[in-house]
Amino acid sequence: MSQRTMDINLMERRYKVNCPEGQEVALQQAADKLNQKLEHIKQVTRLSHPEQIAVMAALNLCHESAQLELSQRKRIEELEEKVKLLQETLEQVATEQRPGRK
């Protein structure tokens, strides 16, 4: 897959990054989200060094990702339990409906 160089802006700084063709919109959306996070952290924490702001943003994004992953795992477990219960119910009904049962 071919690469293309794009300019993105983070905290009023321009960065050139490589991007696979067809992923330009996704990269720009990710950059916009990151920039919003960086600006928010800069305002809330009053940090001034870009490196400190970037580390805080990375920690926050990792924490959010971990929380989302945990939430998804719990939801999958709940759905698997419901599917198991549904399968057991269907098997019970099928057993009760078999011909020749008295």
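Being in a helix (DSSP H, G or I), at pLDDT 95 or above and of a type in the set (Val, Ile, Thr) is the requirement here; does Val17 meet it? Reasoning before the result, please.
Working: in a helix (DSSP H, G or I): no; at pLDDT 95 or above: yes; of a type in the set (Val, Ile, Thr): yes.
No.
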Condition check for Glu88: surrounded by 10 or more Cβ atoms within 10 Å (Cβ to Cβ) and in a helix (DSSP H, G or I): yes
Leu47 passes all but one of (1) in a helix (DSSP H, G or I); (2) surrounded by 10 or more Cβ atoms within 10 Å (Cβ to Cβ); which number fails? (1)
Is there any pair with a first residue in the stretch 4-32 that is surrounded by 11 or more Cβ atoms within 10 Å (Cβ to Cβ) and a second that is of a type in the set (Gly, Ala, Ser) whose Cβ atoms are under 8 Å apart and which are 6 or more apart or on different chains, and what are they? Ile8/Ala31; Asn9/Ala31; Leu10/Ala31; Pro20/Ser2
Checking Leu47 against (1) of a type in the set (A, V, I, L, M, F, W, C); (2) within 30 Å of Asp7 (Cβ to Cβ); (3) at pLDDT 95 or above, which single condition isn't satisfied? (3)
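The values are calculated or read from the model by the stated rules, or taken from the named source; none is laboratory data. Keep in mind that what you see is a predicted model, and the values were worked out from it rather than measured. Glycine gets a Cβ as well: all are built from the backbone with ideal geometry, and neighbour counts include every protein chain shown.
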